[in-house]
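Structure, as structure tokens:
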Amino acid sequence: MLSVLVRRLANVVPTLVAVIALVFLLFSVLPGSFISGMGEDGRTTIDPAVMERMRKEMGLDDPLPERFAKYIAHTATGDLGTSFRTREPVTYLIGQRVWPSVKLVFGAMFFAILIGVPLGFLAALKPGSLIDTASMVGAISGLSLSQFWLGLMLMYLFALQLKWLPSFGYGDGGIQHLILPAVALGVGPMALLARTTRAAVLDVLNADFVRTARSKGMSEPRVVKWHVMRNALVLVITTIGLQFGSLMGAAVVVEKLFAWPGVGSLLIDSVFQRDIPTVQGCILLIVTFFLVINTLVDLAYVAIDPRIRYGR
Amino acid sequence: MKLGKFKLKGGTSLWVGGTLVGFVVLVAIFAPLIAHTDPVLDANLMNAEIPPDWEFWFGTDAQGRDIYSRIVYGSRISLTVGVVSQLLNSLIGITLGLTAGYWGGWWDDFVSGLTNMMLAIPSLIFALAIMAILGPGLSSLVIALGLTAWSYSCRLTRAQVLSLKSQGYIQAARILGYGDLRIMFTQILPNILGPLIVIATLGMGTAILAEAALSFLGLGIRPPFPSWGSMLSEARDQITTAPWLSVFPGLAIFFTVLGLNLLGDGLRDSLDPQSTTRRA
Amino acid sequence: MSAPLLKVEDMRIALASSGTTFDAVENVSFEIGRGEAFGLVGESGCGKSISALAVMGLLRSPLSLAGGRILLDGQKIQNASAAEMRRLRGKRIGMIFQEPMTALNPLSPVGRQIAEMFVLHQGASWSEAMDRAEDALRQVRVPSPERRIKDFPHQLSGGMRQRVMIAIALACGPDLLIADEPTTALDVTVQAEIIDLMAELCAAKGTAILMISHDLGLVANMCQRVAVMYAGRIVEAQEADAIFSTPRHPYTQGLVNSLPRLGERAKHGRQRLREIAGVVPSIQAYPTGCRFNPRCPAMTDICRSTAPEITALPADGLVRCHHHG
């Protein structure tokens, strides 16, 4: 188990560094840096000399590799730089936003698993039945929905018309405010999980060892419990891990729609304000989070499937 | 294979999906004939925010433009985004996959590392970053989306190359004197064409959804162009006063993407009829 | 002869394919006495495996049991309810399959998979059952059983896995063991061991065996009586010795002749291996009349037009041919 973990981490770090490099590179060619933007938007006029001093201060004149190396070094110690906009440490800015984002993403995934997996299971156990057709039609529809449009419609119906739930914002952090955004975000993954679970369970139900189990005189519910579930779980867990990635992408939009104070909305705002350190910090955080989740999924895989544990 | 009472084979998806997509394509082609007004220029503030009625089938927006006509023309933008971005994706993916599998070595490692990196970044966020650099607009959008989803076709192509390699096809062809390019075109491409089309079809749906999201954020296609996504971004603020502004563009997106998903599913099933992995 | 343990009468299995049904297997009848070893031989696709599955009630769509009777100890079990079949499976009829790797749950230790039988049918507790699983492994001659019960299927060799399958099938002392090509996927050297093991254990417990194989030699060695199937029908059935020494059906004769024999080369010099020309017909395209007629060296006009009736042979044998003998 430990060796798998170590190997996995050894893979993660280079990927992470590559991502940082890519983001760094991309934003270093961003036309209209924050400095010039400050003068252009007319709100503040800056003396060119002052601009020049700021550039030197922020190290923007140093050659690219040097800046990159410095950035990596700083990141390793937890210093993500200073926001161009608010002059606060990026780590602080992001830190404030992490918990709402975590709540949203996990809330959405929880919803997706809660409904998607059992639905897929039932659909597989009764192929061709009404529940199978209905859930698969529902699933493919869920995949075709624009998540923020769904959020908008939900907002309209439940918040503005029925007034059951608050229409936006984080509020006091209570669950009321979490429901609409989490559902809007979770419908897509839920649909995919329903389909993947169904496929995985069907696959297992037709496997040879399930036939053996039946030949032992096991009742169908027992067969499912003792033999099918664990084997189908492997594929389902992998899908859950991968879904976190697209979930975090879509979360950016949902956060903006619902004015949710998370890392996603910070990312968007920073992009528009050309607050590059913050942008880089947000992306770094998101990617790290995703890689961590995938590593956990790999470990769960190992825990469940003994073939990997003992090697072949 | 018939499963119980409800026959849900690849066939149904194929027909329904194909019909939906075909319908959207026709709308896009014949837009000038179907629409009632010019989607950008015909803006009469006297007609602002009229709910759907006999004259304005889908109502009008804050600028007094006919929503119906805008949606009809918007189909052109959505389909363009979908098709071109997927072409770009496939091109990049196939090229990288072919060369990586074929020549192997450090280039293969490099491409694999690149693919890993792409998979670690949520695609929407990557597209976001590129749009931030390129600025809003249709061409930048297509490029951005074209650069995000190539990893699937890349993996597919590379796997196919490696499989043929291990079976000795490539070596045999070389001995026969075939040039590398000829091998790539005659041996490898025909095998991946089917799955590639499936990937591209499903990818079009994703691209259209991504366009909507990016336009909504202000990074995609900006008003007054009638992309369905930008229409939604304009509609957001009027949700209480004019809800129909949000409903119709969203429905247009939904049915188009649904059609593409069904079509993609149907194609996948008809190409690889394994009854248990159907509709996966 | 005392009442047979298993009696299959006029069994018919239908295959539903693109709207129409075909008869995959028809007019199949045989009997197995208590403690008897019975062999069912035929090429791939002749319907022998699905006949076995039909006895167990394990046919799944598009296959279904369309006619005939199956009696276990005189009791009708064809089309029995699911609950009744479950009571029989494992407890009175055990089955082992061809591919031991895929027939065992890859995520579950083999000891546990054996123990399941005791928990399921004999109400044992899991710890009791695991102890008995260890004993079962010892009985099938797996070395170091106390360590093996914790192993996973992929850690065992093919022969060992098949022994595990045998242990599972025989765990609750069933009256009948159905073995569907149990050694086909194994090395030749291991095949003999497994067959011997099965024969020994079943003889000791008085368990009857239904041995299904394409290997006539193997079956004739192990079984007292043998039936030969072709294209969904039984074409000949005799005692094992008789089927080897005096095969009556041209197909059986072809099978017997195709077996390379030790010492032949010394006696007759180098010769070509003898084969049966042609290929097995597919279910959707069975020839009219006698189904073997396209490949039969003794074929005449009547063979193409009329399906041959069953002719009884001495010692409860039978043959289905116009020109038997």
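Miscellaneous remarks
- Some residue of region C:199-214 being in contact with a strand residue (DSSP E or B) (Cβ under 8 Å, 6 or more places away or on another chain), in a loop (DSSP other than H, G, I, E, B) and not small (Gly, Ala, Ser): yes
- On inspection, residue C:87 passes the criterion of being of a type outside the set (Val, Ile, Thr) and within 30 Å of residue C:145 (Cβ to Cβ).
- Restricting region C:223-271 to residues that are in a helix (DSSP H, G or I), under 19 Å from the mean Cα position of the chain (by Cα) and not small (Gly, Ala, Ser), the residue that is nearest to residue C:202 (Cα to Cα): C:241
- Among the residues of region B:230-246, those that are within 9 Å of another protein chain (Cβ to nearest Cβ) and surrounded by fewer than 21 Cβ atoms within 10 Å (Cβ to Cβ) comprise B:236, B:239, B:240, B:243.
- Test for residue C:167: is it touching a residue at least 40 places away in the same chain (Cβ under 8 Å) and closer than 23 Å to residue A:306 by Cα: yes
- Of the helices (runs of 4 or more DSSP H) lying entirely inside region A:105-213, the ones with 3 or more residues being touching a residue at least 60 places away in the same chain (Cβ under 8 Å), at the interface with chain B (Cβ under 8 Å from one of its Cβ atoms) and closer than 30 Å to residue C:112 by Cα are found at A:175-205.
- Of the residues in region C:103-122, at least one is in contact with an Asp or Glu (Cβ under 7 Å, 6 or more places away or on another chain), at the interface with another protein chain (Cβ under 10 Å from one of its Cβ atoms) and hydrophobic (A, V, I, L, M, F, W, C).
- Subset of region A:105-126 [surrounded by 22 or more Cβ atoms within 10 Å (Cβ to Cβ), touching a Gly at 6+ places or on another chain (Cβ under 9 Å) and within 26 Å of residue B:260 (Cβ to Cβ)]: A:108, A:109, A:112, A:116, A:119
- Among (1) away from chain C (no Cβ under 14 Å); (2) of a type in the set (D, E, K, R); (3) crowded, with 18+ Cβ neighbours inside 10 Å; (4) more than 26 Å from the chain's Cα centre (by Cα) - the single one residue A:216 does not satisfy: (1)
- Residues satisfying the stated conditions in region B:51-107, i.e. aromatic (Phe, Trp, Tyr) and either under 23 Å from the mean Cα position of the chain (by Cα) or surrounded by fewer than 22 Cβ atoms within 10 Å (Cβ to Cβ) (or both): B:54, B:56, B:57, B:68, B:73, B:102, B:103, B:106, B:107
- Scanning region A:219-238 for residues that are within 10 Å of another protein chain (Cβ to nearest Cβ) and polar (S, T, N, Q) yields A:219, A:231.
Matching residues to (1) buried (at least 20 other Cβ atoms within 10 Å of the Cβ); (2) within 11 Å of chain B (Cβ to nearest Cβ):
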| position | (1), (2) |
| --- | --- |
| A:260 | yes, no |
| A:264 | yes, yes |
| A:278 | yes, no |
| A:290 | yes, yes |
| A:305 | no, no |
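Condition check ((1) surrounded by 23 or more Cβ atoms within 10 Å (Cβ to Cβ); (2) over 30 Å from residue A:258 (Cβ atoms); (3) polar (S, T, N, Q); (4) within 12 Å of the chain's Cα centre (by Cα)) across all residues:
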site	(1), (2), (3), (4)
B:155	no, yes, no, no
B:158	yes, yes, no, no
B:166	no, yes, yes, no
B:172	no, yes, no, no
B:177	no, yes, no, no
B:184	no, yes, no, no
B:190	no, yes, no, no
B:208	yes, no, no, yes
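- Scoring residue A:274 on the criteria (1) in contact with a Gly (Cβ under 7 Å, 6 or more places away or on another chain); (2) facing another protein chain (nearest Cβ under 10 Å); (3) surrounded by fewer than 18 Cβ atoms within 10 Å (Cβ to Cβ) leaves a single failure, condition (3).
- Look at (1) surrounded by fewer than 23 Cβ atoms within 10 Å (Cβ to Cβ); (2) over 17 Å from residue A:258 (Cβ atoms); (3) within 25 Å of the chain's Cα centre (by Cα) and you find that residue A:169 fails only one, number (2).
- Test for residue C:91: is it out of contact with any Gly (no Cβ under 7 Å at 6 or more places or on another chain), basic (Lys, Arg) and within 19 Å of residue C:174 (Cα to Cα): no
- Residues in region B:109-124 that are without any contact (Cβ under 8 Å) to a residue 60 or more places away in the chain and among the aliphatic types (A, V, I, L, M): B:111, B:114, B:117, B:118, B:119, B:120, B:121.
- Yes/no for residue C:250 being farther than 16 Å from residue C:319 by Cβ and in contact (Cβ under 8 Å) with a residue 12 or more places away in the chain: no
- Subset of region C:88-102 [more than 7 Å from chain A (Cβ to nearest Cβ), surrounded by fewer than 20 Cβ atoms within 10 Å (Cβ to Cβ) and under 24 Å from residue C:35 (Cβ atoms)]: C:92
- With respect to the conditions (1) in a helix (DSSP H, G or I); (2) among the hydroxyl-bearing types (Ser, Thr, Tyr); (3) more than 14 Å from chain B (Cβ to nearest Cβ), residue A:86 lacks only one, and its number is (1).
- Filter pass, residue B:140 being within 14 Å of chain A (Cβ to nearest Cβ), hydroxyl-bearing (Ser, Thr, Tyr) and not in a loop (DSSP other than H, G, I, E, B): yes
- Considered as a group, the residues in region C:299-325 that are β-branched (Val, Ile, Thr) and not in a loop (DSSP other than H, G, I, E, B) include one that is surrounded by the most Cβ atoms within 10 Å (Cβ to Cβ), and that residue is C:319.
- Residue match in region A:182-196 (condition: surrounded by 23 or more Cβ atoms within 10 Å (Cβ to Cβ), among the hydrophobic types (A, V, I, L, M, F, W, C) and touching a Lys or Arg at 6+ places or on another chain (Cβ under 9 Å)): yes
- Taking region B:31-79 as the range and being of a type in the set (S, T, N, Q), within 15 Å of residue B:228 (Cα to Cα) and out of contact with any helix residue (DSSP H, G or I) (no Cβ under 7 Å at 6 or more places or on another chain) as the test, only B:69 passes.
To keep it simple, each residue is scored yes or no on (1) among the β-branched types (Val, Ile, Thr); (2) in contact with a Pro (Cβ under 6 Å, 6 or more places away or on another chain); (3) within 14 Å of chain A (Cβ to nearest Cβ).
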{"residue": "B:80", "(1), (2), (3)": "yes, no, no"}
{"residue": "B:88", "(1), (2), (3)": "no, no, no"}
{"residue": "B:96", "(1), (2), (3)": "no, no, no"}
{"residue": "B:102", "(1), (2), (3)": "no, no, no"}
{"residue": "B:114", "(1), (2), (3)": "no, no, yes"}
{"residue": "B:122", "(1), (2), (3)": "no, no, yes"}
{"residue": "B:144", "(1), (2), (3)": "no, no, yes"}
{"residue": "B:150", "(1), (2), (3)": "no, no, no"}
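Values in this text are rule-based calculations from the coordinates and carry no lab data. Values in this document were obtained by computation on a predicted structure and should not be read as measured data. In this analysis, Cβ positions are derived from the backbone assuming ideal geometry, glycine residues included, and neighbour counts consider all displayed protein chains.
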